[in-house]
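Take a look at the structure below.
Rule-based calculations on the coordinates, nothing more; no lab input. The structure presented is a predicted model; accordingly, all values stated were derived computationally and were not measured. Here the Cβ positions follow ideal geometry from the backbone for every residue, glycine too, while neighbour counts run over all protein chains shown.
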């Protein structure tokens, strides 16, 4: 199983960052506009439409406010298995870290997944930096 771990740092407060991440139905407006075009909620999952036209159903596995951690999987797309996690941490210098970890199969889609995560993290960086005061 392949794993990709990507991290960004922002001056936005951890509470603001977590608020945007935990709002699972607002990916397209609060977290990754320009990467995700639309998000619809259904019981236990969200339907995500990406800017490239791909549509994935993403069941929410864990939404942990205490750990500031969101875990999801997805149905459809190139991966036959996918598990993603976003975790928010406050750093000693007062900045905020967001780590996206993705585990997926098959391994040979690593380049595709790496580029997708890179684009998602760039959109997230822009959005979260705009929250910094």
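Roughly what would the spin-label model give for residue 89 and residue 110, points 7 Å off Cα along C-beta, in nm?
2.3 nm
Quickly work out the residue 51-to-residue 1 label distance, labels modelled 7 Å from Cα along the C-beta direction, and quote it in nm with one decimal.
3.0 nm
Which FRET efficiency value, to the nearest 0.05, is calculated for residue 97 and residue 60 with the Förster distance at 30 angstrom and r the Cβ-Cβ distance?
Values: r = 22 Å, r/R0 = 0.73.
Given R0 = 30 Å and the Cβ-Cβ separation, E is 0.85.
Using the number of other C-beta atoms within 10 angstrom as an exposure proxy, rank 74, 81 with the fewest first.
Numbers: 74 18, 81 11.
Taking fewest neighbouring Cβ atoms as first place, the list is 81, 74.
Under a GNM of the chain (C-alpha, springs under 10 Å), which listed residue has the highest mean-square fluctuation: 44, 84, 94?
Greatest mean-square fluctuation among the candidates belongs to 44.
Rounded to the nearest 500, what is the chain's calculated 222 nm mean residue ellipticity when only DSSP H runs of at least 4 contribute -39500 (n - 2.57) each, over all residues?
Theoretical 222 nm ellipticity from helices: -7000 deg cm²/dmol.
When only C-alpha pairs under 8 Å and at least 6 residues apart count, what is the relative contact order of the stretch 2-129, in percent? Let's see the in-between values first.
On the way: 260 pairs, mean separation 40.5, N = 128.
Answer for the stretch 2-129 is 32 percent.
Give, in nm to one decimal, the length gained when the segment between residue 67 and residue 8 is fully stretched (0.36 nm per residue of separation minus the Cα-Cα distance). The partial results should precede the final answer.
On the way: separation 59, 0.36 × 59 = 21.24 nm, distance 1.76 nm.
Gain on stretching residue 67 to residue 8: 19.5 nm.
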